[in-house]
Amino acid sequence: MCIDDYDDNLLFNLEEVSYKEGYEEGRNENLEKNYYEGKQYGLQVGFQRFHNIGQIQSICSLIISMLPKETEPKQTTLVKHCQQVIKTIEQLTLDNSSSSVKIYESEINKIRNKFRTILIIWNKSNKSNKLEYENIVLIDKRISGEIKGYIQDHTETAGTNEKSNEDLLNSDHQTTDW
């Protein structure tokens, strides 16, 4: 073996070469892990968001089916409201584009408010089979859980960035329900 067979760069910069290899291995492993965590979070959020929509749609369909064919004016209004909610839900798209998300966010509030109106009308005419919106939301949260997202407090980033990640995790930070 001749001395020229050795890579001088490898010998003299062994620490740097090892550092770069370790960095790339860690980076690739982290990218793969983040992909799976992101996919899992997306499935959870999608389930939680659309579980509530499906529940509202099913209750509206059930109310329509429970009403007699000869309807009173209150029941006709109730049927119209239920049909409007079902139609609005059916028009929602399930993709994740920014325009679809904006439409979803605006329409979900309309759907929930209209659904509350439906329940008020239903409860006035059906004293024995009352449906409370709060109970429906509780059932939904028990089945699908709550989405918690971390919101960084602006006071944490103002000035110096001397807080470590551990300090941020242990401090009182805000979360939001989506």
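Key figures for this structure:
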item: Wholly enclosed helices (runs of 4 or more DSSP H) of the range 64-178 bearing at least 1 residues at pLDDT below 70; result: 73-91, 154-157, 165-170
item: Among (1) touching a residue at least 60 places away in the same chain (Cβ under 8 Å); (2) in contact with an Asp or Glu (Cβ under 9 Å, 6 or more places away or on another chain) - the single one Ile59 does not satisfy; result: (2)
item: Residues (touching a residue at least 24 places away in the same chain (Cβ under 8 Å) and either polar (S, T, N, Q) or in contact with a Phe, Trp or Tyr (Cβ under 7 Å, 6 or more places away or on another chain) (or both)) located in the range 132-146; result: Ser144
item: Cβ-Cβ under 8 Å pairs, at least 6 apart or on other chains, the range 96-121 side closer than 14 Å to Ile136 by Cα and of a type in the set (Phe, Trp, Tyr), far side in a helix (DSSP H, G or I) and open to solvent by less than 90 Å² (accessible area, probe 1.4 Å); result: Phe115/Ile56; Phe115/Ile59; Phe115/Cys60; Phe115/Val85; Phe115/Tyr133
item: Check on Gln48, modelled with pLDDT of 90 or more and within 21 Å of Ser144 (Cα to Cα); result: no
item: Long-range neighbours under 6 Å by Cβ, at least six apart or interchain, first residue in contact (Cβ under 8 Å) with a residue 60 or more places away in the chain within the range 29-53, second exposed (fewer than 10 other Cβ atoms within 10 Å of the Cβ); result: none
item: Residue selected from the range 8-53 under the condition out of contact with any Phe, Trp or Tyr (no Cβ under 8 Å at 6 or more places or on another chain), hydrophobic (A, V, I, L, M, F, W, C) and under 30 Å from Ile86 (Cα atoms), by the criterion least open to solvent (accessible area, probe 1.4 Å); result: Ile53
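Okay, residues lined up against (1) open to solvent by less than 90 Å² (accessible area, probe 1.4 Å); (2) of a type outside the set (S, T, N, Q); (3) closer than 18 Å to Leu131 by Cβ:
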{"residue": "Ser65", "(1), (2), (3)": "yes, no, yes"}
{"residue": "Lys87", "(1), (2), (3)": "no, yes, no"}
{"residue": "Leu94", "(1), (2), (3)": "no, yes, no"}
{"residue": "Ser106", "(1), (2), (3)": "yes, no, no"}
{"residue": "Arg112", "(1), (2), (3)": "yes, yes, yes"}
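The values are calculated or read from the model by the stated rules, or taken from the named source; none is laboratory data. This is a predicted model, so every value here is computed, not measured. Glycine also receives a Cβ, built like all others from the backbone with ideal geometry; neighbour counts cover every protein chain displayed. Surface areas here come from the heavy atoms of the whole protein model, side chains and all, with no ligands, DNA or RNA. Shrake-Rupley method; radii C 1.70, N 1.55, O 1.52, S 1.80 Å.
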